[in-house]
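The values are calculated or read from the model by the stated rules, or taken from the named source; none is laboratory data. None of the values given here were measured: they were computed from a predicted structure. Glycine also receives a Cβ, built like all others from the backbone with ideal geometry; neighbour counts cover every protein chain displayed. Each accessible area value is taken on the protein alone, full model and side chains, heavy atoms only, with ligands, DNA and RNA left out. Shrake-Rupley method; radii C 1.70, N 1.55, O 1.52, S 1.80 Å.
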There are 4 protein chains.
Amino acid sequence: MPSVAAKFRRIALIGKLRSPEVEASLGEIRKFLSSRGCEVLKDGGGADLAIVVGGDGTMLAAARELVPAGVPLVGINQGRVGFMTDIGYDDMRAGIGAILEGRYVVEERSLIDAEILREGKSMLRTVALNEAVVGKGSQGRLIEFELSLDGEFVYALRADGIIVATPTGSTAYSLSAGGPILHPDLDAIVLTPICAHSLNARAVVLSAGEAITIRVEPTGAPSVLTVDGQEGEPLQPDDIVRVARAACRTRLVRLGRTGFYRLLRTKLSWGGER
Amino acid sequence: MPSVAAKFRRIALIGKLRSPEVEASLGEIRKFLSSRGCEVLKDGGGADLAIVVGGDGTMLAAARELVPAGVPLVGINQGRVGFMTDIGYDDMRAGIGAILEGRYVVEERSLIDAEILREGKSMLRTVALNEAVVGKGSQGRLIEFELSLDGEFVYALRADGIIVATPTGSTAYSLSAGGPILHPDLDAIVLTPICAHSLNARAVVLSAGEAITIRVEPTGAPSVLTVDGQEGEPLQPDDIVRVARAACRTRLVRLGRTGFYRLLRTKLSWGGER
Amino acid sequence: MPSVAAKFRRIALIGKLRSPEVEASLGEIRKFLSSRGCEVLKDGGGADLAIVVGGDGTMLAAARELVPAGVPLVGINQGRVGFMTDIGYDDMRAGIGAILEGRYVVEERSLIDAEILREGKSMLRTVALNEAVVGKGSQGRLIEFELSLDGEFVYALRADGIIVATPTGSTAYSLSAGGPILHPDLDAIVLTPICAHSLNARAVVLSAGEAITIRVEPTGAPSVLTVDGQEGEPLQPDDIVRVARAACRTRLVRLGRTGFYRLLRTKLSWGGER
Amino acid sequence: MPSVAAKFRRIALIGKLRSPEVEASLGEIRKFLSSRGCEVLKDGGGADLAIVVGGDGTMLAAARELVPAGVPLVGINQGRVGFMTDIGYDDMRAGIGAILEGRYVVEERSLIDAEILREGKSMLRTVALNEAVVGKGSQGRLIEFELSLDGEFVYALRADGIIVATPTGSTAYSLSAGGPILHPDLDAIVLTPICAHSLNARAVVLSAGEAITIRVEPTGAPSVLTVDGQEGEPLQPDDIVRVARAACRTRLVRLGRTGFYRLLRTKLSWGGER
């Protein structure tokens, strides 16, 4: 899916200012961008490109925020190579330099759109790059919900929750809950139950076009909608959470074709033997 | 492990008064007990036997409360046959009658003892019949903790939590999280991680005599200690949760030798084929 | 995916003659078809429709055999409702009658194509409706293989084997090995390792268009290629098994839109609680 | 469980002579032992100690062979540190020297005893250090069997097989099939189904004293009994495989207290994060 290279001139710089390390990096990048004749913006809205400095959480938040404006993202992270970034702090100048010179590829990632309906009214609507989770709040007991897919009733389940994940999110929380890995090119969504009481509840992979409806049962413990691991939104009994493929997609700017399986080998220690 | 039959004269009646159905049953049992010359107590402390009316939650709470006084329990539940009870509402008179006449067996179940240590001081100490869970609170992110067994460091884990379950609890929440079933006669404890980020974290079964220490890392999300599915107790960074076999055991009074595997077949639909 | 109804005149009858029950059913159907003016063929080649009497194995074998000739299939089975059939022995006349009168829908199912390459030469080529498995033979030890996807090396694994399953096959052996359920409309394939030595080997779902290559390592135990649970084909060290989406699809004739999730609920006892 | 040190004078040397590397090591050890005044035996029967050179397979075979004679074992392996050995090729002299001087501990490991009964007659009886497996032969289809524990019927299962593992074997094949890890001090056995058709079949841990009976059903595919990964023994329909704790135990001679969890961390890459 690499697209033809475009020139980036107006660049938004995004990062949590809490950490001195991130702040130093942001300063360094700002100088570097100016020296290359780029305009540095604080707001992503009107930018050609957003450079995001930080971990997965920062990247996920930026993706959700910038996707309506269609701004492509490049991630720079402190730590190990990530599923969404391949530029580390040490390679910042070289990496950003290459991108400014047009040596990059663009990976498109699908998003999902999650909405809470209460008595027929929309209470909240948001997009997720990784996953939307209907899960238990701080109470120790199970939540209960009914799942429908494309209008067809699937099951009523007692569980810690259920994860609706994109292919990008399939290697995150969904994997920890026992879900499969979805290739990023697949136009699909995976539903992964979390600690279901019934032992034969299993992960289901479906076409991204299907409409997913989760209705919170009043019989279970209080539940919460969490999107990309952010602060949760409390749900009320009989609330309906509707999840569907989002109309828009995120564009990740990378230095080269990722090598999805190479990345998996690194991140999941494949090849390691006990 | 059935013991010789003893006569029960002073009997405590326990049940949540919230439900009219439970209240009616309690009234009926009270009359029945009086007609047999038994004294009915409201408090379990001085009783020879406690009759618990309600579901698993009520039974677990009663077990925890009465275990220091050494009072044996018999459970009466509305619904399906349970891992801890075999008398339903419809068989109440016959069941209790049989027990008063000495036709019963006693099953002993081991308990665990969970304690929160904060800066060396004990903040809370409680027993559990099923399990103690160090898990995440209402936040969507992972908690982090260090596990040590008998003083030996085992691992540092990022996860939704970890379950320390008795054999009795091995068929409850631990099973939903992927843990094995432990035979009730086994003097063992199972440690089951919940949605661990690392894919090779696995359930570990150990001798009930080993001391288990879970230290909450400040890097993770806020965590909570939950015992037998009750209201959780918030933990602070660097808190230590210590779990060990309890000194005392619960005694369940049953109409006959349970047939543990028959019960599993019923509850887990073993024998069912797709 | 229901297609416009077509008239069926030349009908092949397929079933294992070993069982007297199947034989009786075949006789009965033959009479019924003749009474409706249909020509009954023994060979599927020139037929408009094939009626298959028997279990899943018979149906899978018929699907593989008739797919090159493009003959649609209807299954009649003795037992419980199946993922591929919805007519039981008792409803034979009514069911076949409805189909002859044009009251039916056609479900298309994708197939995979598996080929053994030995020193560059094709040794065997076959299609599968459920799955192709590279697994261990009768020896107790692990096999070893290298997996590549679209030419990219994925991992070298020691395991009991690996399953390459279609969406149809995702509810069969792959599910038993821990794989996810794939909706039948999804144009995807799932790769599910069987008892992998490495604990972080996980099921991977990929676009059906990707080429899958499994190379048998000489260091492991003797391995075998098994297709839809039929007799296995022994593999030699350095053999390459190539699996890809088949060019053709099977067409299943059914009485109505299946209700995939209703079927799953029945077959997997969803909704059942312990 | 370390025992008081004993002096070893008559030492058996065991290793597969197929590999030149093993042969060279055997020669070197032989010289070293002679220089220390030890008598080197080819047969383990009358020895005080057996030194086993090779991998896990060689060690398992030696354990099974020498256990009736009560000879303790020390393993020397080429590769990575193992669950049963902690001396590598490079440390041979130092390691064996330390043991001859009495600086060692003895770890006792429990064994299981597996027997095939055909029409009431014992056809084969053998011990296993890791596991006994009733599994499918080279055929692709499922086997069927009935499991009973202490005379109580547990379930009839269709599966690839079932593993009966010791604590030592719980970190081997049973772990790959989804079983839990059992601490080596635990007097228990774990039963782990392999790819069961029924999704709610789960690993069961039971007291090592329970008698395990697996009856092969004539309805399934041909099955095989495999012990510690050796050549399998074909089973016939209605054969009964009886497994129980063996009367004897293996004694492993090690340089120091192993640190079971440290070993797990190394072998399972615990602490690794994706």
- Note on the range C:216-236: residues surrounded by fewer than 21 Cβ atoms within 10 Å (Cβ to Cβ) and more than 8 Å from every other protein chain (Cβ to nearest Cβ) are C:E217, C:P218, C:T219, C:G220, C:A221, C:P222, C:E233, C:P234, C:Q236
- Query: A:Y155 versus (1) facing chain C (nearest Cβ under 10 Å); (2) open to solvent by 20 Å² or more (accessible area, probe 1.4 Å); (3) of a type in the set (F, W, Y): which is the lone unmet condition?
  - Reply: (2)
- Note on the structure: Of the residues in the range C:115-139 that are surrounded by 22 or more Cβ atoms within 10 Å (Cβ to Cβ) and within 13 Å of chain D (Cβ to nearest Cβ), the one that is nearest to the chain's Cα centre (by Cα) is C:N130
- Return yes when D:G151 is of a type in the set (G, A, S), out of contact with any strand residue (DSSP E or B) (no Cβ under 7 Å at 6 or more places or on another chain) and under 21 Å from B:P184 (Cβ atoms) and no when it is not. yes
- Query: Can you name every residue in the range C:72-90 that is without any contact (Cβ under 8 Å) to a residue 60 or more places away in the chain and farther than 23 Å from C:Y261 by Cα?
  - Reply: C:D90
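Considering only the range B:211-274, give the strands (runs of 3 or more DSSP E) lying wholly within it that have at least 2 residues that are within 18 Å of the chain's Cα centre (by Cα) and of a type in the set (V, I, T).
Because the criterion is at least 2 residues that are within 18 Å of the chain's Cα centre (by Cα) and of a type in the set (V, I, T), the strands (runs of 3 or more DSSP E) in the range B:211-274 that meet it are B:223-227, B:240-254.
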- Inspect the range C:11-33 for any residue being without any contact (Cβ under 8 Å) to a residue 60 or more places away in the chain, more than 21 Å from C:G88 (Cβ to Cβ) and either open to solvent by 50 Å² or more (accessible area, probe 1.4 Å) or not in a loop (DSSP other than H, G, I, E, B) (or both) and give the result as yes or no. no
- Which listed residue, of A:L264, A:L191, is aliphatic (A, V, I, L, M), more than 7 Å from every other protein chain (Cβ to nearest Cβ) and surrounded by fewer than 24 Cβ atoms within 10 Å (Cβ to Cβ): A:L264
- Task: Could you tell me whether C:S198 is within 14 Å of chain D (Cβ to nearest Cβ) and over 24 Å from C:E107 (Cα atoms)?
- Result: yes
- Query: Taking the condition touching a residue at least 12 places away in the same chain (Cβ under 8 Å), within 22 Å of B:I29 (Cα to Cα) and part of a loop (DSSP other than H, G, I, E, B), does B:V106 pass?
  - Reply: no
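Which members of the range B:200-258 meet the condition of being of a type in the set (G, A, S) and touching a residue at least 60 places away in the same chain (Cβ under 8 Å)?
Of everything in the range B:200-258, those that are of a type in the set (G, A, S) and touching a residue at least 60 places away in the same chain (Cβ under 8 Å) turn out to be B:A208, B:A211, B:G220, B:A221, B:S223, B:G229, B:G232, B:A244, B:A246, B:A247, B:G256.
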- Item | Qualifying positions in the range D:89-115 - under 30 Å from D:I189 (Cα atoms) and of a type outside the set (S, T, N, Q) | D:Y104, D:V105, D:V106, D:E107, D:E108, D:R109, D:L111, D:I112, D:D113, D:A114, D:E115
- Scan the range B:250-261 for residues that are open to solvent by 30 Å² or more (accessible area, probe 1.4 Å) and either at the interface with chain C (Cβ under 9 Å from one of its Cβ atoms) or at pLDDT 90 or above (or both) and report the count. 1
- Message: Condition first: in a loop (DSSP other than H, G, I, E, B), open to solvent by 20 Å² or more (accessible area, probe 1.4 Å) and not polar (S, T, N, Q). Now tell me which residues in the range B:51-103 satisfy that.
- Response: B:G55, B:G70, B:G79, B:R80, B:V81, B:F83, B:D86, B:E101, B:G102, B:R103
- Does B:A47 fit the bill of being of a type outside the set (S, T, Y), touching a Lys or Arg at 6+ places or on another chain (Cβ under 7 Å) and open to solvent by less than 20 Å² (accessible area, probe 1.4 Å)? yes
- Note on the structure: Taking the range A:150-167 and the residues there that are touching a helix residue (DSSP H, G or I) at 6+ places or on another chain (Cβ under 7 Å) and modelled with pLDDT of 95 or more, the one that is farthest from A:G232 (Cα to Cα) would be A:A165
- How many residues are open to solvent by 10 Å² or more (accessible area, probe 1.4 Å) and either closer than 24 Å to C:A172 by Cβ or in contact (Cβ under 8 Å) with a residue 40 or more places away in the chain (or both) when one looks only at the range D:172-188? 9
- Single residue of B:R109, B:R125 found to be more than 29 Å from A:L235 (Cβ to Cβ) and touching a Ser or Thr at 6+ places or on another chain (Cβ under 7 Å): B:R109
